[in-house]
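In what follows, a structure is listed as structure tokens, so that the remarks can point back to it.
The values are calculated or read from the model by the stated rules, or taken from the named source; none is laboratory data. Keep in mind the model is a prediction, meaning the values are calculated, not measured. Ideal geometry is used to build each Cβ from the backbone, glycine not excepted, and the neighbour counts take in all protein chains shown. Surface areas here come from the heavy atoms of the whole protein model, side chains and all, with no ligands, DNA or RNA. Shrake-Rupley method; radii C 1.70, N 1.55, O 1.52, S 1.80 Å.
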Amino acid sequence: MAKIKGYGYGKANQIVSFSEIEEESRKISKKAPSPAKLREMAGDDVNLAIDNLVAGYGKMEILHGINLYASKGKSLCLIGPNGAGKSTVLHSIFGFADIFSGEISVNGKKINQLASNKKLTSSKIAYILQDNSIFPKMTVEDNLMLGGFVAENQDEVKTKVEEIFAKYDRLKKRRYQLAKTLSGGERRLLEIARSLIMDPQIILIDEPSIGLEPRFIDMVFEILEDLKSKEQKTIIMVEQNAKKGLAFSDIGYVLVSGIVALADEGKSLLKNSKVGRLFLGG
């Protein structure tokens, strides 16, 4: 009997086998959007461009000619089956994967060879990892200070930490508490807040809702919406809660076997019957 699993958020109206997802996904990928169509979809203010990216780890190729375009003040969500290469896209942007060919550029400047710390300081890219990345035996304040560890001027970092506390009262009240005493939602808030210390323009976030209660999931997405709409941050996420991710995002990409199989406005993908059946639980 085929192994089955629901994908998405909430109750599934139907479940499909992994093999069926793979087969149907391959059919979808035969009508993959062109790079020109993807760029047009992104709009006029593209600040992150990925052109024909081939990447992976060691000798293993995971991404097979990915094209992706994201604009200032917009959000993009990557969905797809396990092993499709979603997190590898984020890893490639930030320097955690091996790039075999293709180009990644920010505001027209190629960043393929930049180290991760340079991508943070000069290209203004921050990466919020999927795994719990706080330091549990350090205070909330010290965790935030670590967000600026590569900064030359630590006085500016201290000023930025104060701005964070002024903005997020929940963290301010726990300023001197050890991070291990925070709830799951508060820890995620701390991770997001720490990423803002260097004032990034592009935020990569892997599974923002993972392991959180529904009330904290809503809180996290409200914070991300504020960063996008009010501070004009570009947000690129991988989200297992596909319905939530697509509802939040301006553009959604469906990845299958290391290629972009489908892309559209997030709300349009939510209404796509094939996407719904394969990835959204019905």
Original post:
So what is the relative contact order for region 94-182, in percent, with contacts set as C-alpha pairs under 8 Å and at least six apart?
Top reply: 27
Original post:
For Asp45, what charge total do you get from the other residues with a beta carbon under 14 Å from its beta carbon, if Lys and Arg give +1 and Asp and Glu give -1?
Top reply: +2
Original post:
By average Cβ neighbour count within 10 Å, what is the ranking of 260-269, 187-196 from highest down?
Top reply: 187-196, 260-269
Subject >> Accessible surface, the chain, averaged per residue in Å² (probe 1.4 Å) >> reply: 48
Original post:
In the Gaussian network model of the chain, springs joining C-alpha atoms below 10 Å, which of Asn117, Asn272, Asn47 carries the largest mean-square fluctuation?
Top reply: Asn272
**OP:** Any of Lys244/Lys274; Lys37/Lys271; Lys109/Lys243 with alpha carbons more than 26 Å apart? Name them for me.
**Re:** Lys109/Lys243
Subject >> Rg in Å to one decimal, and Dmax rounded to a whole Å, for region 153-282 via C-alpha atoms >> reply: 16.7, 53
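One quarter of the convex hull surface, Cα atoms only: what value does that give for region 121-181 in nm²?
Mean orientational projected area (region 121-181, Cα hull): 4.7 nm².
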**OP:** Return the carbon/sulfur percentage of the accessible area of the chain, one whole number, probe 1.4 Å, all protein chains in place.
**Re:** 49
Original post:
Could you state the per residue volume, in Å³, of the convex hull enclosing the Cα atoms of region 44-140?
Top reply: 136
Original post:
With the radius of gyration and the Kirkwood radius both derived from the Cα set of the chain, what is their ratio Rg to Rh?
Top reply: 0.97
Original post:
So what is the calculated 222 nm ellipticity per residue for the chain, using -39500 (n - 2.57) for each DSSP H run with n of 4 or more, over all residues, to the nearest 500 deg cm²/dmol?
Top reply: -11000 deg cm²/dmol
Original post:
Which whole-angstrom value gives the distance between the alpha carbon centres of region 55-85 and region 120-163?
Top reply: 26
